[in-house]
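Participant: Could you have a look at this structure, given as structure tokens, before my questions?
The values are calculated or read from the model by the stated rules, or taken from the named source; none is laboratory data. Predicted model, so just to flag it, every value in this text is computed and none were measured. Cβ placement follows ideal geometry from the backbone for every residue including glycine, while neighbour counts extend to all protein chains displayed.
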Amino acid sequence: MRIILLGPPGAGKGTQARRLMEKYDIVQIATGDIFRENVRTETPLGKQVEVILKEGRLVPDSILTEMISERIDRSDCRNGFILDGFPRNVVQAEALEKMLKEKGLCLDCVVQIEVDDENLIERISGRYSCSSCGEVYHDKFKKPSRPESCDKCGDFGKFIRRTDDNKESVRTRLEVYHTQTAPILPFYRSREILKSVNGMAGMDEVTRQIEAVLKAENGCNRLSAE
């Protein structure tokens, strides 16, 4: 099973990817993880990326695609993979299509997690987490039983918020998504593999919707190599 999860920051792609990994024994491939691994292990590509990032430049599509290609070739991807954070634009989508065809592989499905911008802003800007165990809470939707301690690990007074989890930063991230990444939706819609689920539903319901989509999309599609 080879799929892409699409959606703006905070749509829940990471959470859903982890659930799909466990159920289907497939691998999540996230661009941030690939960057860090290549830099840490000092691969030739990693050395290039390290210089680029230190200079504040964007990693070229060609380097990112090559990293993704190398990752897909590993044995732990034999059952499939979930792409999270790639592709981010049409150029990357086209490069991925070409690369998969060269490997004789195909995408089974592209799942768009649809969300409402204003509700998503409220969801993200109100969240915080326990610095000890990472349990996530929310000012409105999920408060700890006791304000001063974590329900999961019991630690006191160790709640933290991401510095970019504020309304202004979230609006900026959403704008970037709509202008740069959303244009790839017609790309995959034209190939008849784009499916959408309601990302504003509860986590379990979103998982159920995604699994229903994957069950319906049984087998490869028109992106398979001829």
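Participant: All but one of (1) farther than 18 Å from THR15 by Cβ; (2) surrounded by fewer than 17 Cβ atoms within 10 Å (Cβ to Cβ) hold for ASN119, so report the exception by its number.
Facilitator: With respect to (1) farther than 18 Å from THR15 by Cβ; (2) surrounded by fewer than 17 Cβ atoms within 10 Å (Cβ to Cβ), ASN119 is out only on (1).
Participant: Check THR172 against each of (1) surrounded by fewer than 16 Cβ atoms within 10 Å (Cβ to Cβ); (2) touching a residue at least 24 places away in the same chain (Cβ under 8 Å) and name the one condition it does not meet.
Facilitator: (2)
Participant: Select the helices (runs of 4 or more DSSP H) contained entirely in the range 1-70, then report the ones holding at least 1 residues which are closer than 16 Å to THR207 by Cα and under 17 Å from the mean Cα position of the chain (by Cα).
Facilitator: Helices (runs of 4 or more DSSP H) meeting the threshold: 13-24.
Participant: Related question: Take the residues in the range 17-41 that are out of contact with any Gly (no Cβ under 9 Å at 6 or more places or on another chain) and at pLDDT 90 or above, then tell me which one is nearest to ASP117 (Cα to Cα).
Facilitator: Restricting to residues being out of contact with any Gly (no Cβ under 9 Å at 6 or more places or on another chain) and at pLDDT 90 or above, the top hit is ALA17.
Participant: Scan the range 71-85 for residues that are assigned to a helix (DSSP H, G or I) and either in contact (Cβ under 8 Å) with a residue 24 or more places away in the chain or surrounded by 11 or more Cβ atoms within 10 Å (Cβ to Cβ) (or both) and jot them down.
Facilitator: ARG71, ILE72, ASP76, CYS77
Participant: Considering only the range 127-226, give the strands (runs of 3 or more DSSP E) lying wholly within it that have at least 3 residues that are modelled with pLDDT under 95 and touching a Ser or Thr at 6+ places or on another chain (Cβ under 8 Å).
Facilitator: none
Participant: Does GLU114 satisfy the criteria of being modelled with pLDDT of 90 or more, within 30 Å of GLU97 (Cα to Cα) and touching a Gly at 6+ places or on another chain (Cβ under 8 Å)?
Facilitator: yes
Participant: Next up: Go through the range 90-126 and report how many residues are within 30 Å of PRO60 (Cα to Cα), outside any strand (DSSP E or B) and out of contact with any Pro (no Cβ under 7 Å at 6 or more places or on another chain).
Facilitator: Counting residues in the range 90-126 that are within 30 Å of PRO60 (Cα to Cα), outside any strand (DSSP E or B) and out of contact with any Pro (no Cβ under 7 Å at 6 or more places or on another chain) gives 19.
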